[in-house]
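Since the structure comes first, as structure tokens, the remarks are kept for the end.
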């Protein structure tokens, strides 16, 4: 292993030392958390575990209208929409993006 290998691994090793979960890609290409990484594989086989993105969806029954970055934005959207529409009783749900 040369300096280039370790230079690519450095951010991952640093994150691991700070307590962040590290994921490793298995032979099937599936990522999973590894609590005891050896850091001897290719740098492309390691990554810092990503946190899922949280968004807020606005629904009327089962009909999806839109999604926002924050619940406050979704509430504002509902309030504004109800000002010029006769549609009431929206539901705001927390959405979580699935990470591969």
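Could you work out the relative contact order of the range 1-98? I mean the mean sequence separation of Cα pairs under 8 Å and 6+ apart, divided by the number of residues, in percent. Worked out over the range 1-98, it gives 23 percent. Spin-label model, residue 28 to residue 44: label points 7 Å out along the Cα-to-beta-carbon direction sit 2.1 nm apart. Here the label points at residue 89 and residue 17, each 7 Å from Cα along the C-beta direction, are separated by 5.8 nm in the simple model. Rounded to the nearest 10 degrees, the angle from helix 3-17 to the longest Cα principal axis of the chain is 50 degrees. What's the angle, to the nearest 10 degrees (0 to 90), between helix 71-83's Cα axis and the longest principal axis of the chain? Once rounded, one gets 20 degrees. Sequence-distant contacts, meaning Cα pairs under 8 Å at least 6 residues apart, place the relative contact order of the range 54-96 at 52 percent. First check a/c for the range 54-96, with a ≥ b ≥ c the square roots of the eigenvalues of its C-alpha gyration tensor; if it is under 1.5, answer rounded, and if not, answer prolate when a/b is larger than b/c or oblate otherwise. Note, shape of the range 54-96 comes out oblate.
Full extension of the chain between residue 63 and residue 81 gives 5.0 nm of extra length, using 0.36 nm per residue less the Cα-Cα distance.
With contacts taken as Cα pairs under 8 Å and at least 6 residues apart, the range 3-48 reaches a relative contact order of 41 percent. Where (1) 16.3, 51; (2) 40.7, 142; (3) 21.1, 66 are the candidate values, the label of the one calculated here for Rg and Dmax of the Cα atoms in Å is (3).
Taken together, the values in this text are just the output of simple stated rules run on the coordinates, not laboratory data. What you are looking at is a predicted structure, and each value in this text was computed from that prediction instead of being measured. We place every Cβ from the backbone using ideal geometry, glycine too, and count neighbours over all the protein chains shown.
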